[in-house]
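Chemist: I am attaching a structure below and will ask some questions about it afterwards.
The values are calculated or read from the model by the stated rules, or taken from the named source; none is laboratory data. What you see is a predicted model; the values in this text were computed from it and never measured. Cβ: placed from backbone, ideal geometry, glycine included. Neighbour counts: every protein chain shown.
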Amino acid sequence: MATAVLGLQWGDEGKGKITHVLARDAEMVVRFNGGPNAGHTVIDRGVKFGTHLIPAGAFYPGTVSVLAGGMVIDLEVLRQEIDEISAHLGSVPELLIAENAHLILPYHRILEEVEGSGAHFGTTRRGIGPAYRDKAAHVGVRVGDLLRPDDLENRLEHRLSLLKRIWPNSDEIGSLTASCLRVELLGLAEPLIESVGDAAAAVASALAEGKDVLFEGAQGALLDVDHGTYPYVTSSPTTFAGLGNSIGIPAPDVRRRIGIAKAYTTRVGEGPFPTEIEGALGDELRDRGGEFGVTTGRPRRCGWLDLVALRHALFVNGATEIALTKLDVLTGIDEIKLCRAYLLDGERVERFPLSAEVLSRCAPIYETVAGWSAAPAEAKRLEDLPAEAIEFVARIEEETGVSVGIVSLGPAPEETIHREL
Ligand code: IMP
């Protein structure tokens, strides 16, 4: 059976934990979008990891981890991550790296600084936007180019000559040469070359054979390049709508599409956030939830759960169920708010506006629900939780029309309720 794990907010929903829990039964785990902008927290046998590129399947020997064509890959980060996971496991994870995935190159990170996208949009400054832009502009360098070193150098030469014309005063760009980059990239890629291949074909045949395949989304629906709060978004599709295209399989048959939402909302980087809580309560939520970026260490902006945004995210993902994470973080808060609609220019709005400018003028209309004083992390059934927490989950289901199939009560795999739907 195929399952997808997809973020429903602005990333950081807890996809790492949920994928890691579900990957135990998977034969193949596939990351289909983004790059090292992602930071998925995984606790494997008591050891905490922040993974950036490698899907959570890598923690289970025998499971194939696929880095699919829609990704942008930084070889340095990948090598480091492989080393860390291999040291933990005592063996090297089995990887398949799509030959049509694009490479993040040193000049992509430099461009984020010289063009100011890092500062303007609060990007992760990992070169994501410039790498995807090169891909669309025919000047990207792909993983498969590593198999043909002369082509690789020609492509680097072409791209660098254009960059040097556009940025004649950048010493950092000026100092790069295609021949040095070629040597550097081939050195980093050397142990990975055997793992490069046709990921779309491998995923398609795993699905056709009825294998358990898990798709691990990165970022979240509200950061999707088309369906998020543009321009304050990442540069790839992040939703189920984009999954087939990113991998190269039309309309993949993924019956279980789990949308992950935190019991509240966070955002890193710039952009509108109607339910943001300023002041002491926002700070408290950040501290309780450990809301600091795994990739950049930046403090995350915190706010209440936004059901308007959640309905939009569930729709673009065709989500069949919700996994509600970090419910424990709300424990001890007397009154919890749920945003049911927005007030826009004096009118009540229930549909999520796609314009960031319009969204920035939306004020939340809240419903207040009672909090709870304890949520035992060892609970195994929803019924083991206090009545107020059960009611909170029920309100989310009523307002979205989608059932909550998983409730996460802590970072460890055991701190999870799985419900029969
Ligand atoms: P980029 O993906 O680095 O280009 O950043 C674009 C926006 O997406 C910024 O607001 C980032 O903070 C945000 N972003 C990208 N990846 C993640 C993620 O994995 N979690 C949370 N936010 C992210």
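Chemist: From the list Glu13, Glu113, which residue is out of contact with any strand residue (DSSP E or B) (no Cβ under 7 Å at 6 or more places or on another chain) and among the acidic types (Asp, Glu)?
Modeler: Of Glu13, Glu113, the one residue that is out of contact with any strand residue (DSSP E or B) (no Cβ under 7 Å at 6 or more places or on another chain) and among the acidic types (Asp, Glu) is Glu113.
Chemist: Kindly establish whether Arg159 is surrounded by 20 or more Cβ atoms within 10 Å (Cβ to Cβ), outside the structural domain of Gly293 (by TED's automatic domain parsing), over 20 Å from Ala199 (Cα atoms) and charged (D, E, K, R).
Modeler: In short, yes.
Residue-by-condition table, conditions (1) within 16 Å of the ligand (Cβ to nearest atom); (2) in contact with a helix residue (DSSP H, G or I) (Cβ under 9 Å, 6 or more places away or on another chain):
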site: Val268; (1), (2): yes, no
site: Thr275; (1), (2): no, yes
site: Gly290; (1), (2): yes, yes
site: Thr325; (1), (2): yes, yes
site: Leu343; (1), (2): no, no
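Chemist: Do any residues in the range 293-319 that are of a type in the set (Phe, Trp, Tyr) have Cβ atoms under 8 Å from those of residues that are away from the ligand (no atom under 16 Å from the Cβ), where the two are at least six apart or on different chains, and which pairs are they?
Modeler: If the second residue must be away from the ligand (no atom under 16 Å from the Cβ), the pairs left are Trp304/Thr275; Trp304/Ile277; Trp304/Ile336; Trp304/Lys337; Trp304/Leu338; Trp304/Cys339; Trp304/Pro364; Trp304/Tyr366.
Here is a yes/no grid of residues against (1) touching a residue at least 60 places away in the same chain (Cβ under 8 Å); (2) crowded, with 21+ Cβ neighbours inside 10 Å; (3) under 12 Å from the mean Cα position of the chain (by Cα); (4) within 20 Å of Asn100 (Cα to Cα):
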| site | (1), (2), (3), (4) |
| --- | --- |
| Glu209 | no, no, no, no |
| Phe215 | yes, yes, yes, yes |
| Ala221 | yes, yes, yes, no |
| Gly244 | no, no, no, yes |
| Asp253 | yes, no, no, no |
| Arg256 | yes, no, no, no |
| Gly271 | yes, yes, no, no |
| Pro274 | yes, yes, no, no |
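Chemist: For the range 370-390, which positions are loosely packed, with under 15 Cβ neighbours inside 10 Å and not aliphatic (A, V, I, L, M)?
Modeler: Hits for the range 370-390 are Ser373, Pro376, Glu378, Lys380, Arg381, Glu383, Asp384.
Chemist: Pull up the range 1-24, narrow it to residues that are among the basic types (Lys, Arg) and either within 12 Å of the ligand (Cβ to nearest atom) or part of a helix (DSSP H, G or I) (or both), then point me to the one that is farthest from Leu223 (Cα to Cα).
Modeler: Among those that are among the basic types (Lys, Arg) and either within 12 Å of the ligand (Cβ to nearest atom) or part of a helix (DSSP H, G or I) (or both), it is Lys17.
Chemist: Within the range 35-125, considering only helices (runs of 4 or more DSSP H) that don't extend past its boundaries, which have at least 1 residues that are touching a residue at least 60 places away in the same chain (Cβ under 8 Å), in the same structural domain as Asp224 (by TED's automatic domain parsing) and more than 16 Å from the ligand (Cβ to nearest atom)?
Modeler: The qualifying helices (runs of 4 or more DSSP H) are 75-89.
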